[in-house]
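Written below as structure tokens is the structure these notes are about.
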Amino acid sequence: MRQPYLTTALVVGLLFGGVLLAGSALRLRLPGNHQGYAPEQPIAFSHRLHADELQIHCQYCHSAAGESRHAGIPSGEACMRCHKFVTAPFGAMQTEAQAADAEKRKPRTIVSDELRKLYDAMGLDDNLEPSATQKPRPIPWVRVHNLPDFVYFDHRAHVNAGVTCQHCHGPVESMQTVEQFSTLSMGWCVNCHRDAAANGIQGKAVSPSLDCAACHY
Amino acid sequence: MTAPHDTTTAKYWKSPAARAGLREEPPLPGVNRRGFLEAAGFATSLVALGGCQRAPTTIVPALTNDTDNVRPGRARSFATTCGGCAAGCGMLATVRDGRPLKMEGMPEHPLSRGGLCAVGQAQVMELYDQERLRGPLAAGKAATWSEVDARIAAALAKIPASGAVRVVTTSTSSPTLRRAIAAFLKRFPDGRHVEADSVSVSAILDAHAATHGARRLPRYRFDKANVIVSFGADFLGTWISPVEFAAAWKSGRALPHREVVHEHGAEAGGAADASNAHAPAKTGRTDAAMSHHVQFESRMTLTGSNADVRHRLHPGEMGLVLSHLLHRVARLAGESGSPTPLASPSISAAVLDALASRLWENRGKALVVCGANDVPTQTLVNHLSQLLDAYGNTLDVDRPSQQLRGDDRETEALAEELASGKVAALFVADIDLVHDFPGGEAIAKDLSRVPLVVSLATRMDDTSAASRFVCPDEHPLASWGDAEPIAGLFSLRQPMMQPLGNARSAIESFAAWSGSGGTVLSLVRATWKEVAFPRQAKETDFTRFWDRAVHDGFVEVDADIEKLAYRGFDPQYVAAAATGKGVAVVLHPQIAIPSSRHAHNPWLQELPDPITKITWDNCVTLSPRLARELGVADNDVVSLKIGDGVVLELPAFIQPGQHDDVAAIALGYGVRGTDRFARVGPQWLEGRSTVGVNGLVGVNAAPLLRFGGGVVQYVRDNVQIAKTGRRHTLATTQLHDHIEVPANVAPPGSKPRDIVQETTLDEYHQNPAAGAPHAHHAAEGELWPDDHPYNGHRWGMAIDLNACSGCSACLIACQAENNVPVVGRDEVARHREMHWIRIDRYYTGDDDDPAVVHQPMMCQHCANAPCETVCPVLATVHSSEGLNQQVYNRCVGTRYCANNCPYKVRRFNWFDYVHDDALANLALNPDVTVRMRGIMEKCSLCVKRIQEGKIEARRLGIPLADGAIRTACQQSCPTNAIVFGDVNDADSAIARAMSDARRYSVLEELNVRPSIGYLRKVRNATREEGDV
């Protein structure tokens, strides 16, 4: 007797589900493919500003890429090499400098909201002196490029073979927030390995492995 | 004569019961229908739920500061000194992202020469142990260091001038700790530092006091000996400094590389027939130097299992046989007046005559060692050594060992002082007096009457439980320290990580209590500046000297020690020698658990003993004949009673090769807190606990120990053994993964497989390929010659059975490197242990007195791999470099591959071996996948290291050098039995090993073409002596 209700519920549910799925049907992808993933970061760091406008080389910050499996997230200290002096956007600092000049006083330290987070993490106060109350603590950057636990990718091998960062990571220098550019799927890796074996990398002959154990161990 | 129940024709066998065709292992309870349905239901719902999970957000905490030593993802090695036991081996600790992960041997170290034992490598598990004490305790409650120090200072101030203050430690060769303790005790008129070892060699030192005038432990030079005679000393397993001795022993037995003899274009390697036995070898007849090793022992030790000739001897008869041997050597030396020993020994006169003349011919190159903790016996050894000109040659008393220096007389005196209430303050470091010493229970009671008891134990042991204050020592991997294992060899220990808790180095604690204070680094540095630096001339600046020491891990300086001369020997010791009486119980350390300190280490608990192959238990081993007489079978719980009423109940295990009047029990079990392992391994419907009826892992045998004759007696006579009727299943792996064809399925008339091959030195001299089986197996081609041309690298490994001692260091190396899980006793009993390497131990010869061959067995990386052809999902495939790859993410767990593997080396993950202990997880290697339930795994030939080596060579733009890639098992092997490399590189060590005439493949007749080769074992004995 209750079957009509059950059937109605089932049909409505299916329709509803179908409508929901229809929207994303065009963007269907394999499970585990997070292409386009662009999580919000604890500090709104702009690669566009640093890598494009300021032309800072990728490996200036990600210095382990050439010698380690991981490219590495730069330490707070690496940021401080510049941000010891650059504490706010250029415009704001310029305005303050002109104002100080006009008022014949020493310019005050202007700290932008985003850089404040860096200084907090480094345990520095408003004058960029070690703070008595705030201990240094790591910045919890959110990882963008995640590979499954059974895959071992080695930056070192690729960087030293001449693969550019952009080849996999895309035009990071144009990204305000970094997003995953490639699918990072096995097929994508293997196609590139096949291609490089046939055509080399930037004209240089290489011998990329197609063995499973090149990445899976 | 063969035993009447010997029904098989196999030359090599693994257990007496299996040889007799009996089913040795008790049947396991099967899964019932209800259980199966329940489990299936749960599994289905869990899988359904698991599918709904969203990928978690991963946080990458960036470092705040750049430090030189931390490069994310890059491992670095630091030189340090192992703290696993008193031997003080050199060690390289691999540190990755600020945490030590893998302990490896230090090739440059003069003692350990690149090897590291299982215990040394497993200490990461003790570092990342939840139950290691993290801070001081006062009356069982957490306290601060300042509070505890103040209360200890107040208690010390109350001690009257006559009050006895005792510091008890295990033997320590650390110059800084010794200084700190001495400085602390200076304040007290009656202050003494007592060194007590849970397994003592006190008698050797006492005997040298008698014959040389100073308590000294000589340094044994097994590498300089042509003839080694050991009376019960397990120097390859547990005695004093096993890694040092194993390396030295091997260096005296290394055989040169010899190619197969080719004659008339025919390959002679396949057959050792008479026609080419005398043919001129390509390399000529070589008289390869190889030491002759004779072992007299009461139980089957690892060392005995490697001896060329092994004699069973009652432990009470050691002295008698020694005095007979001494008598003969003295006669050869022309020494008059040596009294004739009274009783006649059980060893035949012919054997003793031959041995005496062999020793005499090799005087200056002979070494006699004895493991008995008995002063008269050791004095006989000293006199024999003197006659054989061993002092200064194979025995060094002028740069002596300082590894063990415990004095049992002082320990006994301490126990008496405790009983009489004389002790006003007691400090105990690194030793469990209550658990490990004779009269431990009485000591526990006496401790409650001592006004101040301070324990420096790293975890709650029986002594710390009876102490008022517990001031935990820091783990050796997390603090500075030092050692001087051999006089003049200063070895440094440096911290590998930030301390995980608030523990404090014992050095710092004693400095704090003596009022001088100081950090452990400043104290160690000061010692080195004042003690080590002036004794050398190489460096003139201390900072440079120190920096070099930190970098190298050790410094050799002059031995600041008085030279000794032989003073003579009292012949009454010969008269004291007697025959053994009744059934004796022998208490011995176990290779995996050399002392109770390591009982909390799950890796070591699950390491199969190299001889019995038992995990997670100690037991009483009985000879087959004694077991028959008592009507005892394996796993029967028996009670042991010695006159004075101590009764122990342990499961029995029948051990071929043991003396018929001996029951042997391992010490160091039944340790407080091991109830934590009750639920180790997977918990499921049919799962059973890992602990025994006492709630602990194993039974403590120390209550059987007694003081007597100024030493701790590890042998007790006249033990009564009775069956209790109960049974306790021992988890032994000795019959697991058996690669011989079982008798019931073997085709009629089939011959046993030639899995292990051995020969004698004489035959080897005649023909380097001697010992090869007569059957010649024609190679029938490759399965995939076109697919796998092996143009680049082709990885291979060779294992020298002549070098392998079976010590099992490689098992732990592999476990640490490859995240091999611990499964618990019950799972081991179900044949589900996960070790990627196993060491097959084969007996050969007589049932009661067999010879032994150890054979490490792991994935053979076959070129024609049977596993690869049956995998329905291509999860196990061949690599272009000859590796048999296991792809975890493809595997669906059909287990076809394991069934088709002729070597039985594949391991299936029956469960998720839960990793919920966040601290223990710090020991996981981040470069190797942690496998999940339902997939197959096996030896990968450390492909992670291969990749690392190749990528690193490419990064540096240099060709990949031979030896640049070392597998984990190869790295730690104390005897360098394992060679790994690129077979395609003609100049490599592996190519040489593979072309050696001794090389053979296991199950060659299957034509699976393994990449692992074995080098035949060679015994320096006749076929009869060595059971070849």
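Stretched out straight at 0.36 nm per residue, the stretch from A:Tyr60 to A:Leu20 would grow longer than its current Cα-Cα span by 9.9 nm. The mean sequence distance of close C-alpha pairs (under 8 Å, at least 6 residues apart), as a share of the length of chain B, puts its relative contact order at 16 percent.
Taking 7 Å steps out from each Cα toward its Cβ at B:Gln130 and A:Ala197 produces label points 4.7 nm apart. Net charge in the neighbourhood of B:Ala678 (other residues with Cβ under 12 Å of its Cβ; Lys, Arg +1, Asp, Glu -1) is +2. Is the C-alpha gyration tensor of region B:75-127 telling us rounded, prolate or oblate? Criteria: a/c under 1.5 is rounded; beyond that, a/b larger than b/c is prolate, otherwise oblate. Oblate is the answer for region B:75-127, as a/c is 1.5 or above yet b/c matches or exceeds a/b. Taking label points 7 Å from Cα along the Cα-to-Cβ direction, B:Phe542 and B:His915 give a separation of 4.6 nm.
Computed from the Cβ-Cβ distance with R0 of 60 Å, the FRET efficiency linking B:Ser522 to B:Thr869 stands at 0.40. Using a cut-off of 26 Å between alpha-carbon atoms, which lysines can reach B:Lys529, once sequence neighbours fewer than 8 places away in the same chain are excluded? Candidates past the 8-residue exclusion: B:Lys186, B:Lys538, B:Lys563.
Within the shell of other residues whose beta carbon sits under 13 angstrom from the beta carbon of B:Leu811, the net charge comes to -1, with Lys and Arg scored +1 and Asp and Glu -1. The stretch between A:Ser46 and A:Ser185, if pulled fully straight at 0.36 nm per residue, gains 47.4 nm over its current Cα-Cα span.
Put a dot 7 Å past the Cα of A:Asp113, heading toward its Cβ, do the same for B:Val741, and the two dots end up 8.0 nm apart. Report the net charge of residues surrounding A:Thr164, where surrounding means a beta-carbon distance below 14 angstrom and charges are Lys +1, Arg +1, Asp -1, Glu -1. Summing Lys and Arg as +1 and Asp and Glu as -1 gives 0. Peptide A:149-158 shows a mean partner chain C-beta count of 5 within 10 Å per residue C-beta.
You can think of it this way: the chain between B:Ala565 and B:Thr58 has 175.7 nm of extra reach, that is 0.36 nm per residue less the Cα-Cα gap. Ranked for footprinting exposure by Cβ neighbours inside 10 Å, fewest first, B:Tyr128, A:Tyr60 give A:Tyr60, B:Tyr128. Within a straight-line Cα-Cα reach of under 16 Å, A:Lys84 can be paired with the following lysines, leaving aside sequence neighbours fewer than 8 residues apart in one chain: A:Lys117.
For chain B, the mean residue ellipticity at 222 nm estimated from helices alone is -7000 deg cm²/dmol, where every DSSP H run of n ≥ 4 contributes -39500 (n - 2.57) and the total is divided by all residues, rounded to the nearest 500.
Counting Cα-Cα pairs of chain B in 20 Å increments starting at 0 gives whole-percent bin shares of 12, 45, 36, 7, 0.
Ordering B:Ile593, A:Ile139 by the number of other Cβ atoms within 10 Å of each residue's own Cβ, fewest first, gives A:Ile139, B:Ile593.
For a Förster distance of 56 Å, can you work out the FRET efficiency between the beta-carbons of A:Arg81 and B:Asp675, rounded to the nearest 0.05? In this case the efficiency is close to 0.55.
Each listed q (0.15, 0.17, 0.19 Å⁻¹) maps to a log10 I(q)/I(0) for region B:470-626 from the Debye sum over equal C-alpha point scatterers, namely -0.99, -1.06, -1.15. The alpha-carbon of A:Lys135 sits under 20 angstrom from the alpha-carbons of these aspartates and glutamates, leaving out residues fewer than 8 places away in its chain: A:Glu77, A:Asp113, A:Glu114, A:Asp120, A:Asp125, A:Asp126, B:Asp66.
The distance separating the Cα centre of region B:676-734 from that of region B:918-951 comes to 34 Å. Arranged from fewest to most other beta-carbon atoms within 10 Å of their beta carbon, B:Ser623, A:Ser112, B:Ser298 become A:Ser112, B:Ser623, B:Ser298. For region B:462-511, the set of chymotrypsin sites (Phe, Trp or Tyr not before Pro) satisfying both a DSSP loop assignment and a count of at most 15 other C-beta atoms within 10 Å is empty.
Remark: region B:584-732 carries a charge dipole of roughly 260 debye about the Cα centre, counting +1 on each Lys and Arg Cβ and -1 on each Asp and Glu Cβ.
So which of B:Lys938/B:Lys1017; B:Lys250/B:Lys365; B:Lys102/B:Lys224 end up more than 21 Å apart, counting from Cα to Cα?
Values: B:Lys938/B:Lys1017 26 Å; B:Lys250/B:Lys365 15 Å; B:Lys102/B:Lys224 32 Å.
Violating the 21 Å Cα-Cα cut-off are B:Lys938/B:Lys1017; B:Lys102/B:Lys224.
Structure note, pairs B:Lys14/B:Lys904; B:Lys14/B:Lys751; B:Lys422/B:Lys641: Cα-Cα distances above 23 angstrom occur for B:Lys422/B:Lys641.
Bear in mind that the values in this text are calculations on the coordinates, not laboratory data. Because the structure is predicted, anything quoted here is derived from the model rather than measured. Ideal geometry is used to build each Cβ from the backbone, glycine not excepted, and the neighbour counts take in all protein chains shown.
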